[in-house]
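The values are calculated or read from the model by the stated rules, or taken from the named source; none is laboratory data. A quick note: this is a predicted structure, and the numbers were derived from the prediction, not measured. Quick reminder, even Gly has a Cβ in these numbers, built from the backbone with ideal geometry, and neighbours come from all protein chains shown.
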Amino acid sequence: MPTEFIMPKVDMDQEKATIISWNKAEGDEVKQDETVLVVETDKVAIDVTAPATGKLVDIRFKEGDVVPVATVIAYVLGKGETMADIPGRTAATVAPKPVETPKAEAAKAPAAASPVAIRAAQELGVNINDVPASSGRISREDVEQYAESLKAAPQQPLPETGKVAATPAARRLAREAGIALETLAGSGPHGRVQAQDVVAPVPAAARPAAPVAAVSTGERQAKVVPLTSMRQKIADRLQASFRDIPHIFLTVEADVTRLEDARKRLNEIAARQGNSKVSLTAMLVKVIAWGLERNPYLNASLVGQNIHLWEDINVGVATALDEGLIVPVVHNANKLPLRQISESITDLSKRAREGKLALSEIKGGTFTITNLGMFDIPQFNAVINPPECAILAAGSVVRKPVVVDEFDSIEVRPIISLTLSADHRIVDGVVAARFLNDLVEGIESPETML
Amino acid sequence: MPEITYLEAIRQAMWQEMKRDDRVFLIGEDIGRYGGAFGVSHGMLDEFGPERIIETPISEPSIVGAAVGAAVVDMRPIVEIMFMDFTLLTLDQIANQAGKMHYMFGGKATVPMVIRMPGGSGTGAAAQHSQSLETLLMHMPGLKVAVPSTPYDAKGLLLSAIRDPNPVCFVEHKLLYKTKGEVPEEQYTIPFGVADIKRQGKDLTIVSSGIMVHKSLAVVNRLAEEGIDVEVVDVRTLKPLDNDTIINSVTKTGKLLVVHEAVETAGWAGEIMAVVSGSRAFDYLDAPMRRLTGKNVPIPYNRQLERAAVPQEEDIEREVRAILKGEY
């Protein structure tokens, strides 16, 4: 039998994926495990490989289609197999049948009716032509029965409201599969769409990447940009975070003179040895990981009635993309040498921009740092990235006059502003303050981390 | 396991608990020498004597009032109201006194009493002796309501009711008194708020109680021969109501029919539907929820009309088929 080629499920909470590109066309030969198409989930792009060796046929979705996981997207024909071997192929490729309307019945030639029946129809306000005859002629009983059936269930299934009649179960299934109810033929009474009608998924319209249309709303013109799946996910997550988590914000300033000195020396050594440079972000990740070891309640999640204090310290680094934002994770950051952290961040952000991150690389974060220093933003507040309980917003390094000793001497020093957003349900102000004090200590006296 | 009747199961529960706990006593009309209007307490006067089988004048408010008083001083009264209809006379004692004391005294008072009441039609006893008033009792805070359908459930629920620290209305169906079932000789309790799935099925859920469970099962077992697979959930207690079992069942089947003998308007079928439509089961509903109930009329004396006034097997069958065919 031909091998089904299904949309793979690569992530626990993934329900669908968008086809980005087909590398093969209908009729092409494919080898097992060879990349045949690229799809995109809410988070990452994934190469999808052929499930078997043979001829790729019956491609059912085109680029841009959003397809529920586990849906057959094509078949691979083995030796000696033909299109005819594909099970239920005809059924699956037929367009949805149109909703039956009562008008179709009314168009039939009217049956003869008895005078009593005609009078009864007039009395009951029924169109005699609509009445089905139980025998050759329409009888009074037929009219009465028909009138009764009208009373029990008005025969206007879909009035001009434009709304689709569908059961809650059908609506749920359609929603989950990303199918528009309007495209389905309802088998229930009066064309009501039922669960059984939501079977073969209908390809959704291609997902546009750019403004698709200029619409006029009253006098104002707008370009309409539909949410990408990534943008939708970001919107949902941040909305939920800011709505459900009581954020507290604490800001400290730290003198980065010694941290920058250390970085300079490290980079001189690195240059001599031909290694890559260490970024300030990497150093901050190192300090954060050290601080989290000392402050386990910042490396935690609220799960139901429990606080989970994570054993691993996995620091996410918020990374801007053209179309949104992604948070690749430096796993076990507290156990990695600084250079490895730095290389890891460079590699992750490069691949993030290319859409080539593996799922494991964006999962499991226990804390996030977001850095707008390169945009000269001195200080900002970030929204927590659930299920984590805190995020650190690092501003730009600004040269400022500061008091440096007990004689009130003033010097100009490079100062960084750090703002912690913490989940007040599980992190009290004092706990957050201790963590920030540790970060300041780590930054201003890096040797304490040794 | 011995097979006894629903009536004997109730008597056995009371008898055994009166042997075990001398605070338990029975109070009501004609419950002594006559053995109660339906014979439930037959023989108990000889066994326990007139101090614990207390016969009263015909005054329901006094009976329940006396029981409330006894209960708050740590006795365990079981009231027998001859017909559920007469409960209406006692609503002040039941709802305003028994049901509220525990709350009004900040939990310091408890009112451990059971009010047994035979309800339902089918005996030709007409409008004032045939009602199903359980919805009324459910509606009032502080009361629990049990509606057993089998001898086994009757014994286990009655024992829980007697031991409950606060008032329980125990609704017995007259037509069930003579039905038989296996009942363990020893004492056992069935917790309140735990429904019983009397038959597993996947096509449709019937939620029901009392005699309607039996009528539903008879229909469903016939339909099973045609491959129609209906689940029958017996609520056993209407309050507390086992929402989870109902929600899980409807989530599985996607279709709901509530069958009760009480009249339709503001009947408890509406409560069940509200529970379902407000739950995750909503997203699994694949047909309109329906109820099959008593007609909105006083129960007629005429036997044919009496029959027509409450759901019969043929009505249940018609309704199940209609829902499954998508006629609504």
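Remarks
- Qualifying residue in region A:207-219 (condition: crowded, with 16+ Cβ neighbours inside 10 Å, outside the structural domain of residue A:441 (by TED's automatic domain parsing), at pLDDT below 80 and part of a loop (DSSP other than H, G, I, E, B)): yes
- Qualifying residue in region B:91-98 (condition: surrounded by 14 or more Cβ atoms within 10 Å (Cβ to Cβ) and touching a Cys at 6+ places or on another chain (Cβ under 8 Å)): yes
- Qualifying residue in region B:70-92 (condition: over 21 Å from residue B:175 (Cα atoms) and aromatic (Phe, Trp, Tyr)): no
- Where a residue in region B:21-34 is assigned by TED's automatic domain parsing to the domain that holds residue B:52 and its partner, wherever it lies, is at pLDDT 95 or above and polar (S, T, N, Q), with Cβ under 7 Å and at least six apart: B:26/B:41; B:27/B:56; B:28/B:56; B:29/B:56; B:31/B:41
- Meeting the requirement of 1 or more residues that are acidic (Asp, Glu), the strands (runs of 3 or more DSSP E) wholly within region B:1-115 are B:3-5, B:53-55, B:76-80.
- Residue within region A:188-198 that is surrounded by fewer than 18 Cβ atoms within 10 Å (Cβ to Cβ), modelled with pLDDT of 80 or more, in contact with a Leu (Cβ under 6 Å, 6 or more places away or on another chain) and within 14 Å of chain B (Cβ to nearest Cβ) present: no
- Any hit, region A:393-414, residues being within 18 Å of residue A:366 (Cα to Cα) and either under 31 Å from the mean Cα position of the chain (by Cα) or modelled with pLDDT of 95 or more (or both): yes
- Set side by side, the residues B:294, B:270, B:326 differ, and just one is free of Cβ contacts under 8 Å to residues at least 60 places away in the same chain, over 24 Å from residue B:229 (Cβ atoms) and of a type in the set (Gly, Ala, Ser), which is B:270.
- Residue within region B:20-41 that is small (Gly, Ala, Ser), over 15 Å from residue B:158 (Cα atoms), in contact with a Ser or Thr (Cβ under 6 Å, 6 or more places away or on another chain) and at pLDDT 95 or above present: yes
- Tallying residues that are closer than 13 Å to residue B:154 by Cβ and part of a strand (DSSP E or B) within region B:169-208 yields 8.
- Considering residues of region B:227-260 that are within 14 Å of chain A (Cβ to nearest Cβ) and surrounded by fewer than 21 Cβ atoms within 10 Å (Cβ to Cβ) only, the residue farthest from residue B:272 (Cα to Cα): B:252
- Count of region A:151-177 residues which are at pLDDT 65 or above, surrounded by 12 or more Cβ atoms within 10 Å (Cβ to Cβ) and away from chain B (no Cβ under 14 Å): 1
- When region A:281-308 is filtered for residues that are farther than 14 Å from residue A:386 by Cα and in contact with a Phe, Trp or Tyr (Cβ under 7 Å, 6 or more places away or on another chain), the ones remaining, listed by number, are A:288, A:291, A:292, A:295.
- The one condition from (1) part of a helix (DSSP H, G or I); (2) out of contact with any strand residue (DSSP E or B) (no Cβ under 8 Å at 6 or more places or on another chain) that residue A:275 does not meet is (1).
- Of all the residues in region B:279-295, those that are within 14 Å of chain A (Cβ to nearest Cβ) and more than 12 Å from residue A:168 (Cβ to Cβ) number 1.
- Within region B:269-278, the set of residues being within 11 Å of chain A (Cβ to nearest Cβ) and crowded, with 18+ Cβ neighbours inside 10 Å comprises B:276 only.
- The criterion of at least 3 residues that are charged (D, E, K, R) is met by the following strands (runs of 3 or more DSSP E) wholly inside region A:352-441: A:410-423.
- When A:70, A:74 are screened for being within 27 Å of the chain's Cα centre (by Cα) and either loosely packed, with under 11 Cβ neighbours inside 10 Å or modelled with pLDDT under 85 (or both), only A:70 passes.
- Among the candidates B:143, B:136, residue that is out of contact with any Leu (no Cβ under 7 Å at 6 or more places or on another chain), in the same structural domain as residue B:113 (by TED's automatic domain parsing) and modelled with pLDDT of 95 or more: B:136
- Residue check, residue A:409 of a type in the set (Gly, Ala, Ser) and closer than 20 Å to residue A:246 by Cβ: no
- Single residue of B:322, B:308, B:266, B:224 found to be within 14 Å of another protein chain (Cβ to nearest Cβ), of a type outside the set (Phe, Trp, Tyr) and over 30 Å from residue B:189 (Cα atoms): B:322
- A Cβ distance below 6 Å, combined with a sequence gap of six or more or placement on separate chains, defines the contacts here; from region B:106-118, residues that are in the same structural domain as residue B:29 (by TED's automatic domain parsing) and surrounded by 16 or more Cβ atoms within 10 Å (Cβ to Cβ) reach residues that are of a type in the set (A, V, I, L, M, F, W, C) and part of a strand (DSSP E or B) in the pairs B:114/B:78; B:114/B:168; B:114/B:170; B:115/B:79; B:115/B:169; B:116/B:170; B:117/B:171.
- Close pairs from region B:166-188: first basic (Lys, Arg), partner buried (at least 24 other Cβ atoms within 10 Å of the Cβ) and part of a strand (DSSP E or B), Cβ under 8 Å, at least 6 apart: B:174/B:118; B:174/B:119
- Of the residues making up region B:33-51, those that are surrounded by fewer than 19 Cβ atoms within 10 Å (Cβ to Cβ) and closer than 17 Å to residue B:67 by Cβ number 2.
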